[in-house]
Amino acid sequence: MSTKSLKFSQEHEWVRTEEVTAYIGISDFAQQALGDIVFVDLPKTGAKISAGKVFAAVESVKAVSDIFAPISGKIIEVNEALNDAPELINEDPYENWIVMVEMEEPSELLNLMDSEAYDEFCKEGE
Amino acid sequence: MAGKRTPLFGEHQAMGAKMVDFGGWDMPVQYTSIIEEHLATRERAGLFDVSHMGEILVKGRGSKEALNRLVTNNLAALEPGKIIYTLLPNDRGGVVDDLLIYMLGEEEFFLVVNASNTDKDYAWLVRNLEGLAAAEPSLAEVTAENVSAQYGQIAIQGPAAQEVLQKLSACDLDQIKFFRFQQTEVLNRPVILSRTGYTGEDGFEIYCGPEAAVSLWQGLLAAGKEKGLLPVGLGARDTLRFEAALPLYGHELSEEITPVEAGLSFFVKLDKCDYPGKKIIKDQIEKGTQRTLVGIELVERGIPREGYVIAKDGQPAGHVASGTHSPTFKKGLATAFVPPALAAVDTELDVIIRDKPVKAKVVKLPFYRKKTGKN
């Protein structure tokens, strides 16, 4: 899947929007850094998330990694498939979103990077 | 700051391993995937660079007697060609380190210690040997030498380990029983070769000169290819040893944890000479301890991690020593220190994960035991 239409945070989350609905996941860079993902601590449907705050955790064999909300909103669906198959994120991090959110403040998207800027950002960090 | 490098550093880099700092060493944590490397070792074979381990040579007249006064296990029955696992206790009954002692000759012992403890252990041995020498002239000739830089170490572990290693070995590996070793040749290089390991599988550890490490590593990888042998990093080394309930210094063992608390009383002998902390250890064996190491299995989803609080009925009752997602059992498992009253199998406990209690229960250790094994 192309990442051209995605927005990225500095904490390596991505956002894909369809009007006021936003899908949120973690980037390919993040899943590679984590290694085998074995557990996703999912939030509850209906919970509020706010930009910059932790809303979930992804765990690999070695480590726990907090997932920060790139935008604010209300969770309308969580990807329950990750309960039984967290490795889906390794297999395709852009297809396998973590939560679907109703955005509160779409202008927050302006604070995020496009895929080109994000690729640069990842290179700089290496 | 760059860490210390093993003779195989270049091999790891060339294979694209992810490197981490481990006790001051630049070590591979994984080559491809911790789970893949773990399962390869359980089902086929894994190859490990463990050159970071420390080696200390203790020798001279009276060295067996001197060492026996510093360790918890009894060296009396040790013979050349045999290996013993023991603990080096401090005066408080805590543990300076856990180690293997290879008896090379009547008055020559090869101690294999944890990488991050090597300098500490060496200083501890020198100081205590000096103390013994001052008190008893018959032990005055015992010397300790840190020979870590003279050895590379490679482990080959798993059900196919023997078959792969045999192709390159001068000796018949059937002759090397569990916890025995031979000074022999692999790929025409002189090695110390023992049937030991840190994975819960059958396997061998090979001590070689640093200059021989690359050819042995490449030779074993090539010889094991058709058997599905994989190079294995420290990530899977940890999950493998954890499932087999082999202690890791700094987790199940420390200067503040006694062997009795850690469930290692089997390696503590009381019917032998004095050693540091013996009275405290004896007391604990006879009267019990405040805490004890147990296995914990999560009943709900989640992964217990080192340091997480164990709670009973909402009250803190202990902490996790080591915890991970077990690649073999595909669930969250931990070792934890809890009061003896909560140590019975099936006791219900909570592990506090990100401020939330997650249901767990006490299970038997080890989590994993290999099915068969002629050795």
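The values are calculated or read from the model by the stated rules, or taken from the named source; none is laboratory data. Since we're looking at a predicted model, the values are computed, not measured. No Cβ is skipped: glycine too gets one built from the backbone with ideal geometry, and neighbour counts run over all protein chains shown. What goes into the accessible areas is simple: the full protein's heavy atoms, side chains included, and nothing from ligands, DNA or RNA. Shrake-Rupley method; radii C 1.70, N 1.55, O 1.52, S 1.80 Å.
The largest accessible area among A:Asp36, B:Asp21 belongs to the first residue in B:Asp21, A:Asp36, and the rest follow in falling order (1.4 Å probe, all chains).
Here B:Lys364 is the anchor, and the lysines within straight C-alpha reach of less than 18 Å, apart from those fewer than 8 places off in the same chain, are B:Lys330, B:Lys331. Take the Cα of B:Glu108, step 7 Å toward its Cβ, do the same at B:Glu306, and the gap between the two points is 3.7 nm. Where a Cα-Cα gap under 23 Å defines reach, which lysines qualify for B:Lys120, not counting those fewer than 8 residues away within the same chain? Counting by Cα, and skipping residues close in sequence, B:Lys120 has these lysines nearby: B:Lys4, B:Lys59, B:Lys64, B:Lys278. According to the Kirkwood relation over distinct C-alpha pairs, the hydrodynamic radius of the range B:37-105 is 14.3 Å.
Buried surface between chains A and B: roughly 1400 Å² of accessible area, summed over both sides, computed with a 1.4 Å probe on protein heavy atoms only.
Which whole-number percent gives the relative contact order of the range B:290-363, counting Cα pairs below 8 Å spaced six or more residues apart?
RCO, the range B:290-363: 40 percent.
Can you bin the range B:175-310 into rounded, prolate or oblate? Criterion: square roots of the alpha carbon gyration tensor eigenvalues sorted a ≥ b ≥ c, rounded for a/c under 1.5, prolate for a/b above b/c, oblate for the rest. Each step should come with its number before you reach the end.
On the way: a/c = 2.93, a/b = 1.51, b/c = 1.95.
Taking the square roots of the gyration eigenvalues as a ≥ b ≥ c, the range B:175-310 is oblate.
Would you list the P(r) distribution for the range B:245-375, with all Cα-Cα distances sorted into 5 Å bins from 0 and each bin expressed as a whole %? Values per bin, smallest distances first: 2, 10, 20, 21, 17, 13, 9, 5, 2, 0. Each residue, A:Asn83 and B:Ala344, gets one label point 7 Å from its Cα in the Cβ direction; the gap between the two is 3.3 nm.
Applying 1/(1 + (r/R0)^6) with R0 = 35 Å to the Cβ-Cβ distance of B:Lys167 and A:Val54, what FRET efficiency is obtained, to the nearest 0.05?
According to the calculation, E is roughly 0.10.
The residues of the range A:13-59 listed by number as losing at least 30 Å² of accessible area in the complex, against the isolated chain and with a 1.4 Å probe, are A:Asp36, A:Val38, A:Phe39, A:Asp41, A:Glu59.
Run through the DSSP bridge list for chain B and note the antiparallel percent, rounded to the nearest 5. Spell out each step's value before the answer.
Details: 79 of 84 bridges.
Looking only at bridges with both residues in chain B, the antiparallel portion is about 95 percent.
So for chain B, averaging the separation of alpha carbon pairs under 8 Å that are six or more residues apart and normalising by length, what relative contact order in percent results? Mind dumping the intermediate values first?
Details: 859 pairs, mean separation 66.5, N = 375.
Relative contact order here is 18 percent.
Among B:Lys356, B:Lys59, the order of accessible area from largest down is B:Lys356, B:Lys59, computed with a 1.4 Å probe on protein heavy atoms. Counting only heavy atoms of the protein chains and using a 1.4 Å probe, B:Thr347 has close to 20 Å² of accessible surface.
With all protein chains kept in place, the per residue accessible area of the range B:61-156 amounts to 37 square angstrom at a probe of 1.4 angstrom. P(r) for the protein assembly as shown, from all Cα pairs and a bin width of 10 Å, is 4, 17, 25, 24, 17, 9, 4, 1, 0 %, short bins first. Shown for the range B:149-272: the carbon plus sulfur share of the solvent-accessible area, taken with all protein chains present and a 1.4 angstrom probe, equals 53%. Is the range A:7-106 best put as rounded, prolate or oblate by its Cα gyration tensor, with a ≥ b ≥ c the root eigenvalues, rounded for a/c under 1.5, and otherwise prolate when a/b is larger than b/c, oblate when not? It comes out prolate by the Cα gyration axes. Taken over chain A, lysine pairs spaced eight or more positions apart, or on distinct chains, with alpha carbons under 26 Å apart number 16. Summarising the strand pairing of the protein assembly as shown, around 95 percent of its internal DSSP beta bridges are antiparallel.
For the range A:1-39, which trypsin sites (Lys or Arg not before Pro) pass both filters: DSSP loop (anything but H, G, I, E, B) and at most 14 other C-beta atoms within 10 Å? Can you show the working numbers first?
Details: sites: A:Lys4, A:Lys7, A:Arg16; in loops: A:Lys4.
Sparse-neighbourhood loop trypsin sites (Lys or Arg not before Pro): A:Lys4.
Is the shape of chain B rounded, prolate or oblate, going by the alpha carbon gyration tensor and its root eigenvalues a ≥ b ≥ c, with a/c under 1.5 for rounded and a/b larger than b/c for prolate? The shape class here is oblate. Expressed as a whole number of Å, what is the distance separating the alpha-carbon centroids of the range B:16-62 and the range A:82-126? Measuring centre to centre over Cα atoms gives 34 Å. In straight-distance terms, cross-link reach from B:Lys279 covers every one of the aspartates and glutamates whose alpha-carbon lies under 14 Å from its own, apart from those fewer than eight places away in the same chain; here that gives B:Asp91, B:Asp271.
What is the Cα radius of gyration of the range B:290-363 over 2.2 N^0.38 Å, N being its residue count?
Values: Rg = 10.6 Å, N = 74, 2.2 N^0.38 = 11.3 Å.
Compactness ratio reported: 0.94.
Here the range B:215-233 and the range B:78-134 have alpha carbon centers that stand 32 Å from each other. Look at the alpha carbon pairs under 8 Å that are at least 6 residues apart: their mean separation over the length of chain A gives a relative contact order of 32 percent.
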